[in-house]
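Below: one structure, written as structure tokens.
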Amino acid sequence: GVALCTREPTHAVRTKGASATDASPSPPPEEKLIACPLGRDLITAIATVCCVSSLYNCGSATFSAFFGPLAQDLCGVGVQQIGFAHTLLASVSFATSTLFAAQAQRALGTVFTCALGLGIVATSLLAMGAVARLAPLAHG
């Protein structure tokens, strides 16, 4: 899982070797919300994660539903080749998530990285739709 928001105590931390009499009395520890890029409230952050996740899953399900039939109709590939292509695409997705996602998130920020990922998924769906629409024109 990914930690969206964290809480950190704001009380003073005693250094090693300091006695209890060295430290001035501090107020009781209170928690401070560290910046959460997906919303100021926990409910907003959860709702944003749910929306992004559902958009991604809708795109993924749409891709899975149309990729196989399009590959069969347009390229004449068999079921084994379609399964192999799905495996390769899953491997690329895994490699991207493990090798590049964290760096992109640090460099671009969480929100922009999510928007970029969803934009790439949408672009692939649009490209698939364009190929499906233009292919009959090329064959006939």
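Find how much the distance from Thr87 to Thr123 grows on full extension, using 0.36 nm per residue of separation minus their present alpha carbon separation; answer in nm with one decimal.
On the way: separation 36, 0.36 × 36 = 12.96 nm, distance 2.05 nm.
10.9 nm is the gain from fully extending Thr87 to Thr123.
Legend: P(r) of the range 82-140 from all alpha carbon pair distances, 10 Å bins from 0, whole percents, reading 20, 35, 29, 13, 3.
Percent of accessible area on the range 37-125 owned by carbon and sulfur, 1.4 Å probe? Don't jump to the answer; show the numbers that get you there.
Details: 4400 of 6120 Å².
Answer for the range 37-125 is 72 percent, counting heavy atoms of protein chains only.
Take the Cα of Thr98, step 7 Å toward its Cβ, do the same at Cys51, and the gap between the two points is 3.2 nm.
The values are calculated or read from the model by the stated rules, or taken from the named source; none is laboratory data. Keep in mind it's a predicted model, so treat the numbers as computed, not measured. No Cβ is skipped: glycine too gets one built from the backbone with ideal geometry, and neighbour counts run over all protein chains shown. The accessibility values were calculated without ligands, DNA or RNA, using every heavy atom of the protein model including side chains. Shrake-Rupley method; radii C 1.70, N 1.55, O 1.52, S 1.80 Å.
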